[in-house]
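What follows is one structure encoded as structure tokens, with my remarks underneath.
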Amino acid sequence: MDILQALLNGFGVALAPVNLLLVLLGCLVGTLIGVLPGIGPISGVALLVPLTFALKLPPESALILLAGIYYGAMYGGSTTSILLNIPGETSSVVTAIDGHKLAKQGKAGPALAMAAWGSFIAGTLSVLGLMTLGPLLAQWAIRFGPAEYFALMVFGFSTLSALAGKNLFKALAATGFGLMLATVGQDPQSGIARYTFGVMQLEDGMDFLVVAIGLFAVSEVLVFLEEKAPGAVQAQVGRIYLSLRDFLSSLGTILRSSVIGFLIGILPGAGASIASFVAYTTEKRLLGPKARLGEGDLRGVAAPESANNAAAGGALIPLLTLGLPGSGTTAIMLGALMSLGVTPGPQMFQTHPQVVWGLIASMYVGNAVLLLLNLPLVGLFVRLLSVPAWFLIPAVLAISLIGVYAVNNNPFDLLLMAVFGLVGYLMRKLDFPLAPVLLGLVLGYLMEINLRRAMTISNGDIGYLFSSPIAIALWLLAGLSLLSPLIIARIGKRGLGNEEV
Amino acid sequence: MRWLITALLVALAGSGLAQFTPRNPECIAPAGAGGGWDFTCRSVAQVMLDLKLIPQPMKVTNVTGGGGGVAYANVVTQRNNDPNLIVAASPATTVRLAQGQYSRFTERDVRWLGAIAADFGLVAVKADAPWRTMQELVASWKADPAKIAVGGGSAVGGQDHMKVLLLGRAAGIEPRNIKYVPFDGGGEALTSLLGGFIQVFAGDASELRAQVQAGTVRVLGVMAPRRLEGVYANIPTLRELGYNVEWVVWRGFYAPKNMPTEAYEFWVRALRQVERSPEWARVREQNALGKFSMLGAEFQVFIDRQVNQFRSLSRELGIIR
């Protein structure tokens, strides 16, 4: 009853004309940032913080605007992934795998609509979770130490074969390449530069976005140049609407991925990218070979897109309940709130109810706004595909390059992107999957640093990695995930045998 | 006639000196949006505009890479006489210069303008930790350094690590035996402290306000020359406790080495006016920054001394050879 009363008051805040306008603005800007490859939510939020000061917005309005950009970006990220095989956000890399194949089959419309519906359901569920379980789940964020993170990363790798495609060894090689990339840069433990060859720009390590755009987008242009001969399979406009049957068959995926995304989103440092990887690979495991994940299945779009939206809601939990920023974006939001005189933390629900409940209510509104905004856009975006590819793909690539350069002002990024474009091109020619490289890059860094933190803390005792219930549970999950293809294959074979009889 | 020309020339020169106004002023934040340098640029740009010290808004450019090294190299090699450019800096800059991390460039390759605010280092433990005072912590630490893991938001050799080593040195703990666990930023280190994975947190006063207000951490000492205000008013300085350690995270700027003198003087004057303005006092207060003012020639001397000090310290603590 208390929650309902508080939520009602929250809607009072969220539905005030100014705040309603700010939700709209935030969602619109967020979608735009999401659609444009190269510009991530972190730069979007950082650039709009001064605006909230300049407009002298009260803290609840500022937070409503900034959060709108944050979760709005998660909606938009899928668009270019699906249409052009160019991930709009780091958390939409996995979406490209099935999304773009669907587009080539003339199902870009249903894929985009599925992304919007999945995002809406997951976004709404995660606000519900934030509202009812927030303070409780905050403890979950704190329980994750180096050992638990390490086990989580091992679990992430154990699902790798789901990304493998036809050849497991090629996928392993691609992951190894990603792991190697993760070691480039300043060694966090000793402060010494590794594999930088004296190039200062490499000291911060490989930027995920730069590698992703290079591998996917630049190589896409190269492949296109080569295959421009008529008859090459291109993404087509095709069907626009998502059928009820397709939607219903994906509902389970959406719900499961929402839970996974939400729980991983709460963890500081893990974030939406890992959530989308884990949700996708888990679905592939659960659905088995009958589902055609990896070859163009709507559930392959639903899983990562639901997970990254749920993660955005989850990431707000440590921020609001503990005053701990779990990601770069929430760190900026924390800074903005403190500047406005609101100190997030355990008492915030009592001391600033209008901020917390206003935000929660605004997120319900925002998710509905995003759905209403994105569904009509599906038709528009799909029609983009009737623009000749020789114009569309280079144009989007140019926008990505401008985006990356405008954010970092570092020409080296562009060079690096070109190099990864060549690498991506060669990998495609040799039939190596691209996504495992990014999995290796994103998981590898966290895996290494957390293993080394664990070893420092425990004075080198390997048993420390298995010393908590959460860690042990994650190790078991990893083991199960490694063995499951064998088990599923055996069951599948038996089933097939019966049919033959 | 002659005296008239001379007078005109003098007047012109004089007015030129007094009336340098930047065109398209720019502030480079040598890291991504949302960090400390980005904040320094954006807040000073806003206050300068509010005070009408600059005729048009100052553009803020984020130049990422090499912990500020890419921006440093860029300024030295390509914009060495730009009169309209200032670059955000902090001890993170001087630590890296001292440790030779900006390739061949040194602190002498730019002109230091000044610092106009400061954050201060501190040491904290969880609220329910067994140590009520710094002396108690140091006693257990000395007894068995392997049992105390200290975490901070910087890599080994970075600011948070240096703070720990300085405290250890002042307390008589062999630097080699100190367990330092690096995290990606203070927020992650703090999460780990609350989870009980590390025992001690080394960070800055501005990072910890929310937790201090919530009562989830206990600050054992601040690394400031005198006590801080607000939530920290009751926390002793390390110097009071007998440990000769200070860590002043000044927020300031450098400029291109060959910037014309009148431009250099313009920027020093503008920063001084910002520092003295009530607008700046409000920015400092909102962001939990302390008062700190050191400008022009005085700052140049300060930087020279700080880099030398960091250099010998890094050598002594085994961070560089």
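Every read-out reported here was derived from the displayed coordinates using simple, explicitly stated rules and does not represent laboratory data. Model, not experiment: these values are computed from the prediction. We place every Cβ from the backbone using ideal geometry, glycine too, and count neighbours over all the protein chains shown.
The antiparallel fraction among DSSP beta bridges confined to the protein assembly as shown stands at about 65%.
Shape class of chain A from the alpha-carbon gyration tensor: rounded, with the ratio a/c of largest to smallest axis under 1.5.
Entry note, segment B:120-232: relative contact order of 43 percent, from Cα contacts under 8 Å with a spacing of 6+ residues. In a shell of Cβ-Cβ distance under 12 Å around residue B:314, excluding residue B:314 itself, what net charge do Lys and Arg (+1) and Asp and Glu (-1) give? Spelling it out: positives minus negatives among the neighbours equals +3.
Loop exposure criterion: GluC sites (Glu not before Pro), DSSP state outside H, G, I, E and B, at most 13 other Cβ atoms within 10 Å. Applied to chain A, the longest stretch between such sites is A:1-226. The Cβ shell under 13 Å around residue A:216 holds other residues with a net charge of -1, Lys and Arg each +1, Asp and Glu each -1. For segment A:105-128 versus segment A:258-333, the inter-centroid distance based on Cα atoms is 13 Å. Counting only lysines at least 8 places from residue B:163 when in the same chain, those with an alpha carbon closer than 18 Å to its own are B:142, B:179. How big is the gap, in Å, between the Cα center of segment A:356-373 and the Cα center of segment B:35-67? Answer, in whole Å: 33. Under a 5 Å amide H cut-off, with hydrogens placed 1.01 Å from N, residue B:181 pairs with B:150, B:151, B:152 among residues at least 5 apart or on other chains. In plain terms, if you count all Cα to Cα distances in segment A:195-354 and split them into 10 Å steps from zero, the share in each step is 10, 23, 28, 24, 12, 3, 0 percent. Look at the stretch A:201-212: the mean tally of other chain Cβ atoms within 10 Å of its residues' Cβ atoms is 2. Given their separation in residues at 0.36 nm each and the Cα-Cα distance between them, residue A:104 and residue A:243 gain 48.2 nm when the chain is fully extended.
Simple spin-label estimate for residue A:351 and residue B:139 gives 3.3 nm between the two label positions (7 Å along the Cα-to-Cβ direction from each Cα). Where the centre of each part is set by its Cα atoms, how far does segment B:228-244 sit from segment B:94-108, in angstrom? The two parts, judged by their Cα centres, are 31 Å apart.
Within the protein assembly as shown, A:27 have no other Cys Cβ under 4.7 Å of their Cβ and so lack a disulfide-compatible partner by this rule. Computed on segment A:20-125, with alpha-carbon pairs under 8 angstrom and 6+ residues apart, the relative contact order is 28 percent.
Computed over chain B, the per-residue total of -39500 (n - 2.57) for DSSP H runs of n ≥ 4 gives a 222 nm mean residue ellipticity of -13500 deg cm²/dmol, rounded to 500. Counting only the backbone N, which residues of segment A:59-75 are under 13 Å from the spot 7 Å out from the Cα of residue A:15 toward its beta-carbon? In segment A:59-75, the label zone of residue A:15 (backbone N under 13 Å from the point 7 Å along Cα→Cβ) covers no residue. Taking the Kirkwood radius as Rh and the Cα radius of gyration as Rg, segment A:82-240 has a ratio of Rg/Rh equal to 1.03.
Size descriptors for chain B (Cα atoms only): Rg and Dmax, in that order, 21.6, 85 Å.
Using C-alpha pairs under 8 Å with a sequence gap of at least 6, the mean separation divided by the residue count of chain A gives a relative contact order of 29 percent. Take the Cβ-Cβ distance between residue A:226 and residue B:174 as r, set R0 to 56 Å, and report the resulting FRET efficiency rounded to the nearest 0.05. Efficiency at R0 = 56 Å is approximately 0.35. Within a straight-line Cα-Cα reach of under 25 Å, residue A:166 can be paired with the following lysines, leaving aside sequence neighbours fewer than 8 residues apart in one chain: A:101, A:104, A:107, A:284, A:290, A:429, A:493.
Provide, for q = 0.12, 0.24 Å⁻¹, the log10 of I(q)/I(0) from a solvent-free Debye sum over equal Cα point scatterers in segment B:244-321. Log10 of I(q)/I(0), two decimals: -0.49, -1.17.
Within the straight-line cut-off of under 27 Å between alpha carbons, the lysines reachable from residue A:56 are B:52, B:59, B:291, sequence neighbours fewer than 8 places apart in one chain being disregarded. Which residues make up the longest stretch of chain B clear of GluC sites (Glu not before Pro) that lie in a DSSP loop with no more than 15 other Cβ atoms within 10 Å, not counting the sites? With a cap of 15 other Cβ atoms within 10 Å, the longest stretch comes to B:1-228. Here the label points at residue B:147 and residue B:49, each 7 Å from Cα along the C-beta direction, are separated by 5.6 nm in the simple model. Suppose we keep just the DSSP beta bridges with both residues in segment B:108-218; what percent of those would be antiparallel, to 5? Within segment B:108-218, antiparallel bridges account for around 45 percent of the total. If you model segment B:120-232 as an ellipsoid using its alpha carbon gyration tensor, with each semi-axis the square root of five times an eigenvalue, the axes come out at 19, 15, 15 Å, biggest first.
Its Cα gyration tensor gives segment A:276-431 an equivalent ellipsoid; the semi-axes, largest first and in whole Å, are 36, 23, 19. As a proxy for reagent exposure, A:357, A:140 were ordered by neighbouring Cβ count within 10 angstrom, fewest first; the result is A:140, A:357.
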